[in-house]
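Asker: Pasting a structure here, questions to come.
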Amino acid sequence: MNPPPGHVLFNDPDANVVLRSGDSQIFRVPKLYIIRSSTVLGELIRAASETFGAASAGFSSAGARLPEVQLYDRGTILSCLLTFILSVPSILPSSLDEKMELLSVAQKYEMSSVMDHIRGSLSQQDPPFIHKENALLSRTEVRTTS
């Protein structure tokens, strides 16, 4: 069961940015970890930080408004992705489709070290998965570049 829209999935007391998923899940996180993991997300965070103020719905634990970045990925996948970035136990999705989606999202945000960490976790859980994943990602890359 998915949490209701607007549900806070991560609420770090040191948060200084809000990530909002495509299904309106809210992630209050420290931007330093996100920026170090992804230049793509880093640019989105920088842009949101420069223009934030008027329509931001995020508040820190102290009640201060936070810049908000709208992402279009599903909350369940972003939640798993963030476990590979933040200092929390890593969580992999349960289905093969969601595992592929997690890798695809990490690739979209150019998170090579996070992808390596995800692949390492997958290989411990299901060693043949890496071969399936490489074949599927290769086909996906061919389709997106054509």
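Asker: Give me, ordered by chain and number, the residues 5 or more places off residue 69 or on other chains with an amide H under 5 Å from its own placed amide H.
Answerer: Distant-sequence amide H within range of residue 69: 18, 19, 20.
Asker: Scan around residue 11 for amide H atoms under 5 Å from its own, H built in the peptide plane at 1.01 Å from N, and keep only partners 5 or more places away or cross-chain.
Answerer: 28
Asker: Given labels modelled 7 Å from the Cα in the Cβ direction, how far is it in nm from residue 32 to residue 113?
Answerer: Result: 1.4 nm between the two label points.
Rule-based calculations on the coordinates, nothing more; no lab input. Note that the coordinates shown come from a computational prediction; the quantities given were computed from them, not determined experimentally. Glycine gets a Cβ as well: all are built from the backbone with ideal geometry, and neighbour counts include every protein chain shown.
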